[in-house]
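Below is one structure, written out as structure tokens; comments come after it.
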Amino acid sequence: MLAADPGASIAAIAAEAGVDRRTIYRRFPSREELIAAIYTARLDAVEQAIADARLREAPVTVALHRYVENVIEVNRSWPVDLARMLADEGSRKRRDASVAEVDAFLQRAEDEGLFRSGLPRGWVAALLPELMHLVARRVPDLAAGPAADLVVDTLLRGVGSP
């Protein structure tokens with residue numbers, strides 16, 4: 001809800017969640033604390049998604065699919081306005097650390113020949129999150145596994161080595 005309407009009131013959030021707004025206020029004294037908790041939960045989920053993908057150890061094709069599948073689930077479970085989330089310095093630092101880990105993995109994948117050479121620097125790193133967000137938003141009924149298949153296939157046919 002907050003991704004679609006970042007200014008949603010506590011009452012609207014409570015109604016969407018099927019609870020009374022007092023229930024939310026008991027746990028989160030202010031809207032800002034609720035938003036901070038949501039951002040923290042999303043960042044925790046992203047960090048876990050990266051860890052579970054085993055980007056450093058698993059074969060690159062396996063790690064890529066696991067990562068994509070996991071992040072699609074995060075995007076569906078924790079849809080937030082990323083620009084607002086990244087306006088918070090602590091959130092931005094945590095996300096930057098995650099991005100660095102994924103960038104290192106993408107470099108490993110390129111070094112191992114998964115992506116064709118000659119692409120503009122950072123192209124795959126820019127394209128992959130867009131594809132994951134796109135499938136999470138536009139194909140919400142497609143389970144995470146097949147959605148990851150679609151993203152990985154689209155990515156590799158677009159930038160994969162011949």
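Any read-out appearing in this document is the output of simple, stated calculations on the displayed coordinates, not a laboratory observation. Keep in mind that this is a model prediction, so the values were computed, not measured. Positions of Cβ are backbone-derived with ideal geometry, glycine not excepted, and every protein chain shown enters the neighbour counts.
Taking only the C-alpha atoms of region 107-162, Rg followed by Dmax gives 12.0, 36 Å.
Taken over the alpha carbons of region 69-136 as equal point scatterers, the Debye sum produces base-10 log I(q)/I(0) values at 0.12, 0.20, 0.23 Å⁻¹ of -0.37, -0.96, -1.15.
Placing unit charges on the Cβ atoms only, positive for Lys and Arg and negative for Asp and Glu, gives the chain a dipole magnitude near 280 debye about its Cα centre. Distance from the C-alpha centroid of region 85-151 to that of region 31-51: 18 Å, rounded to the whole angstrom. Look at (1) 19.0, 66; (2) 16.5, 51; (3) 17.5, 58: the one that is Rg and Dmax of the Cα atoms in Å derived from this structure is (3). Annotation note: GluC sites (Glu not before Pro) in region 8-104 located in DSSP loop regions with a Cβ neighbour count of at most 16 within 10 Å are Glu57.
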